[in-house]
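The structure appears below as structure tokens.
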Amino acid sequence: MKIQIRKWELADAKDLATALSNRKILDNLRDGLPYPYTEQDGKDFIAAMLAADENSTFAFAITLDGKVIGSIGAFRQENIHKHTAELGYYIAEEHWGKGIMTEAVKQLCDYVFSHTDMIRIYAEPFAYNIGSQRVLEKAGFQYEGTLRNNAVKNGKILDMKMYSILRD
């Protein structure tokens, strides 16, 4: 089982659509993603990631034995936070709980810290998303606190957890 992150290719759109057309995944992500998620949605996303500023958007496909099963990215923040990146990720449900995402997060952090001037990467999973919190903890992130009533998702007011990892 070989887990790898790599730059997106337009040909990945079909696998991306297959992985992301799942309510359980979308319920753990920010709003704005269509459901069902189509191959054209995937092409549009991949084109945007390929065209993005390489100094501020670090977006990769997550592959398992060469097949795209998810997405991971770190996004540079602005102003006084310009040396900080927000992490986002997901994989197809059939791959949950197998350590794949933890490995992908480690690979992304290694890439960002070795190729950029970033000093901090953070993530804000919903408080109910224990699986995502475990991924971050196993990847070396530290829990910093709970962001109370920090989001409204599916009509519910939700807490989020703040996790981060530092370059040093």
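Summary table below
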{"quantity": "The stretch 122-165 versus the stretch 3-57: alpha-carbon centroid distance in Å", "calculated": "21"}
{"quantity": "Rg to Rh quotient for the stretch 96-168, alpha carbon positions, Kirkwood Rh", "calculated": "1.01"}
{"quantity": "Protein accessible area in the chain, 1.4 Å probe - carbon and sulfur %", "calculated": "50"}
{"quantity": "The stretch 73-168, accessible area per residue, ligands and nucleic acids excluded (1.4 Å, Å²)", "calculated": "55"}
{"quantity": "Kirkwood-based shape ratio for the stretch 1-117, expressed as Rg/Rh from alpha carbons", "calculated": "0.95"}
{"quantity": "Of LYS7/LYS43; LYS24/LYS138; LYS67/LYS161; LYS98/LYS156, pairs whose Cα-Cα distance is over 25 Å", "calculated": "LYS67/LYS161; LYS98/LYS156"}
{"quantity": "Value of relative contact order over the chain, rounded to a whole percent, pairs C-alpha under 8 Å and six or more apart", "calculated": "20"}
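The values are calculated or read from the model by the stated rules, or taken from the named source; none is laboratory data. Keep in mind the model is a prediction, meaning the values are calculated, not measured. To get the accessible areas, we keep the full protein, side chains included, count just its heavy atoms, and leave off ligands, DNA and RNA. Shrake-Rupley method; radii C 1.70, N 1.55, O 1.52, S 1.80 Å.
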